Every structure is written in structure tokens, then in C-alpha cells.
Amino acid sequence: MAGAALLAAGCTKDRGIVAPSSTGVTLDFKDDFGVLNYAYALEQLEAAFYIQVASAPPADFTTAERTYFQDIQFHEIAHREFLKKALGSNAIGSLEVNFSSIDFKTRNGVLTIAKAFEDLGVAAYNGAGVRIKSVDYLLLAGKIVSVEGRHAAYIRDLISPGSFANLNELTGSGASVSGALDASLTPDKVLPIAATYIKTKINVINL
Amino acid sequence: MNIVNILEEIEKVDGEIYERLNPRRAAMKSFANMGKKISLAAMPLAMGSMFQKAYGQTTPSVVTDVLNFALALEYLEYHFYNHALVAAPSLTFTAQQRTEITVIRDHEMAHVNLLKGALGASARAEITYAMTDYTAGNTFPTVYSDYVTFLKVALGFEDTGVRAYKGQAGNLLGNPVLTTALQIHSVEARHAAHIRTMLNAAGATGLKPWITIGPGGIGNDTGVAAVNAVYAGEELTTQAGINIAGIATGVTAAAAAECFDEPLAKANVAVIANLFLKDGFKLS
């Protein structure tokens, strides 16, 4: 039996099939771990993006922008690592990202994606809050989402001064102009958008 | 949520639902009118007051309390900005600054109207400008004549607002109203970040769009000692028993404090709000 198992593993390796990308990860929304893993997936995506930006900022970034993007990078890394630790053995694996469509060389290219990721993050946390069953986890999500909102406002102001809370642009993501309510999206709306930048297959159950 | 389906489902077990909602048999007309006044996103809030009307059941008082508390804070914020825009001639703005402060003022007004509409007859008494004192007993005598002072007080309101909503989230656990509260919460966070950006542009030092650790390791990064209470606890670097500082290379104590905003209990928020309310109108 041991020999057969080794052989199978060997065959898999020979074919260059890497297990995580073929089977993907599963977000099981039956309980709070599902919601936290959903957040963990999004934070992995954001962290990977900002790590790449901070390691080679666009040439037309100002000094202040380089500094603040470093800050944001460490915020997202901290969120990612915190969620991983909090989830412990319940955590999904590491996701492989696909940033081939992103223009990392120009300020405009980076800011456009940064804005999209931050607004999406805010919408995702706002929309997932009501699914959380533990007061402690809800509070932790609340502690993170307002920081994402601060990031979004900062990046929006860089693109267009005064657009920090331009809710007109976010009505497609559940924002309300008349109520001055921010974006809010359910996981089934968020994940297909995020998946554009994630190579690993994300399976969803019990949503 | 499909509100019409919900009403139809209820009609199956309570054929008089529409009449209960409006005894004058104009229920659907008033429902349609309500739809015009209240956006779809505000429906969870509006539903609460509709069902309260229909069945005389109170929305859980804990929810009403949260919404009334939020309403008081939104009144305070609204009048603060509105007075700056319409009745403070010594306070001068560039056209761009005026536009940006107007955006925030209008958001606060929208929040007031949303909360007031949701609470209906349970809404607290209106707070008018005459009941306020934005100098906080002469702590900020130039709040309506000096641009930077105005922004620093504004920042106190916004960062307090973010903390206040966060502090109440647990009381709305699993309630559709929570989503609306969260949607207000993150708008306040966007305001706070923007006021910080405006302060930076005006030459203030030490402020980032996010709350970092202040001089001496305290949570207050504004350099205004009078607002220490607004930031008490923001210096926290441990979450759920996990030390965030050093959780990965480069995550300093400052980054650890910045990346999580902290809640503030209702009583602590009231102490701050009451600095700006005249005697006889303070929150309990």
C-alpha cells in the first residue's frame, strides 16, 4: 500500500500537477469560520497586491505615496496574518494570485486597482457582517472594515481630490446616495470579482 | 430582501396585514410613497418601523436605543458642518474645501433623515444648533474662525463616530439593521480619513489617513490633548489575544495599532458628545 501511494504521488509530481491549484480551497459559510476565511481570502489578495506595489513602486509615485503604500502593505499583511492565526487549523490554504492584467508600472495603473480592491473590501465586510454569529468576530470585522474605508478614501482622494466617499460611483455595489450609505455586497457578488485576480479555485458551499 | 414577497407571505397568515399597516386602507399607496422617500438600501430600517406599526410590537429596545444614540451623534455632526458652511463668515474655505465639507455635511443630514425615518414615533427629540456649543466650553474658541481648529474638531467628531458605531455593532448582531449601521460606519471612516488628508494639506504634522500611535505611545495622534478621550485605546496592538506587532516582518507597533480601529463604549462616547451640548441637552 505504501508503495502504491508513493507511486501515485510520484506520478502526480511527474505531471507537474500541484494539488492546491487543481482542487482549490473551499469556503464553507455554515459558520463563522467560513466568513473569516472569506475575509482571509480577500486579505491575502490585498496583501499580495500591496507587497508587489511596495517592492517596486511606480516611478511617478511621490515620496508620501511610497510611504503610505508601505503602511497599507503592512496593514493588509497584518490582517492576513491575524486571520490566519485566529482561524488556526480551520484556515484555508494560501491562494495563488494572478495579477497579469494589472499595470504595476504606472501610478494610474496601481491606483485604479487599489481603489477597486479597497472599495470591494469595504463592500465585502459590510455585506458579510450580518452573517457573523459571534459578537467577538463581528467586532473584529468592524475593526478591520473602517481601516479599509480609510484606505479607500485616501486612494480615492489621490485619484480625484474630494472623491473619498463618492457614493454615486458605488451604487452598483449597494451604496445608497439618498441614505449616504456605503457599498455592501454579499459574498456571491464579491467572489467572482475577486476571482479575476486569483488563480486558485475558490469553492463556496452553504452560502 | 424582496419586501413585496414578505408582505405576501404575511398576508397568507394575516389577511389584514395591509390594513394593519395603514388603517385608512391606503396601505399600498403609503407603501409606494415610502419607497420614494426611503432608498432600497434603507429598507431593513424602514421594515422595522412598518412592522412596529402593524403589530404594535416594539422593535427590541436595544435596537431603538442604538438608533437613537446614532441619531444624536448625527445631529451633532450635521449642525457642526452646517454652521461652518452657512453661518461662520470668519471661517474661510477655498471652493474645493467648501465642496468637500458640503459633501460631508450632506451625508450627515442623510444619516439624520434615514435614522429619523426608521425610528418613526420612537425617534428622540431633535437636537438643534441652539442646543450645541462647538467651542466645548471655550476649549476650541476659534473653531469657527480658524480652519485648522475647525478641521481638528471635525476629526474628533468623525473618529468618535467611527468608534461609536463600532461599539454598538454587537447590539445589532444578526439583525438586518446591522448592515445599514455598518454602511454608515464605513462612510464615517471615509470622512475621517479625508479630514486627516485635509489637515495634512493645511500643514498639520503627524497625521495619517489612519489613526497611528501618538507621541508618548498614546492613542491620540492629533497633538490636541483635549481630545485624548476620543482616542483612548486606539494604541492597542493586540487583537483576540494575538500580538499584531511583529506578526510578520515589518509590522511595527505603529502599523499594528493603525490596522485595527477600536470601538468606544456608549458611556464614553456620551462624555465626548456632551462636551459639545449645552446644559439641559446632554446625553444620558
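Where residues in segment B:232-284 are among the aromatic types (Phe, Trp, Tyr) and more than 14 Å from every other protein chain (Cβ to nearest Cβ), which of them is surrounded by the most Cβ atoms within 10 Å (Cβ to Cβ)? Checking each candidate, the answer is B:Phe276. Taken together, A:Leu45, A:Leu95, A:Leu140 contain a single residue that is of a type outside the set (Val, Ile, Thr) and within 14 Å of chain B (Cβ to nearest Cβ), which is A:Leu140. The residue list A:Ile92, A:Ile102, A:Ile51 contains one member that is under 16 Å from the mean Cα position of the chain (by Cα), under 20 Å from B:Ile242 (Cα atoms) and hydrophobic (A, V, I, L, M, F, W, C), which is A:Ile92.
Among the residues in segment A:143-162, are any more than 7 Å from every other protein chain (Cβ to nearest Cβ), touching a helix residue (DSSP H, G or I) at 6+ places or on another chain (Cβ under 9 Å), among the polar types (S, T, N, Q) and over 19 Å from B:His111 (Cβ atoms)? Scanning segment A:143-162 turns up no residue that is more than 7 Å from every other protein chain (Cβ to nearest Cβ), touching a helix residue (DSSP H, G or I) at 6+ places or on another chain (Cβ under 9 Å), among the polar types (S, T, N, Q) and over 19 Å from B:His111 (Cβ atoms). Only one of the listed residues (A:Gly149, A:Gly162, A:Gly172) is buried (at least 21 other Cβ atoms within 10 Å of the Cβ) and at pLDDT 95 or above. That residue is A:Gly149.
The set of residues from segment A:172-200 being more than 11 Å from chain B (Cβ to nearest Cβ) and among the β-branched types (Val, Ile, Thr) comprises A:Val190, A:Ile193, A:Thr196, A:Ile198, A:Thr200. Looking across segment A:188-207, just one residue is touching a Pro at 6+ places or on another chain (Cβ under 9 Å) and of a type in the set (Ser, Thr, Tyr), and that is A:Thr200. The helices (runs of 4 or more DSSP H) found entirely in segment B:85-204 that carry 2 or more residues being away from chain A (no Cβ under 12 Å) and under 26 Å from B:Gly223 (Cβ atoms) are B:147-168. Of the residues making up segment A:99-122, one or more are modelled with pLDDT of 95 or more, crowded, with 21+ Cβ neighbours inside 10 Å, within 18 Å of B:Leu178 (Cβ to Cβ) and at the interface with chain B (Cβ under 8 Å from one of its Cβ atoms).
Answer yes or no: is there a residue in segment B:208-221 that is at positive phi, of a type in the set (Gly, Ala, Ser) and part of a loop (DSSP other than H, G, I, E, B).
No, every residue in segment B:208-221 fails to be at positive phi, of a type in the set (Gly, Ala, Ser) and part of a loop (DSSP other than H, G, I, E, B).
Can you find, within segment B:126-178, the residue that is surrounded by the most Cβ atoms within 10 Å (Cβ to Cβ) among those that are small (Gly, Ala, Ser) and more than 20 Å from the chain's Cα centre (by Cα)? If you could, list the steps in order and put the result at the bottom.
First, pick out the residues of segment B:126-178 that are small (Gly, Ala, Ser): B:130, B:136-137, B:145, B:154, B:156, B:161, B:164, B:167, B:169-170, B:174.
Keeping just the survivors that are more than 20 Å from the chain's Cα centre (by Cα) gives B:130, B:137, B:145.
Values: B:Ala130: 9, B:Gly137: 10, B:Ser145: 13.
Ranking the candidates gives B:Ser145 first.
Among the residues making up segment B:179-224, those that are of a type in the set (Ser, Thr, Tyr) and under 24 Å from B:Ala70 (Cβ atoms) are B:Thr179, B:Thr180, B:Ser186, B:Thr222.
The values are calculated or read from the model by the stated rules, or taken from the named source; none is laboratory data. What you see is a predicted model; the values in this text were computed from it and never measured. No Cβ is skipped: glycine too gets one built from the backbone with ideal geometry, and neighbour counts run over all protein chains shown.
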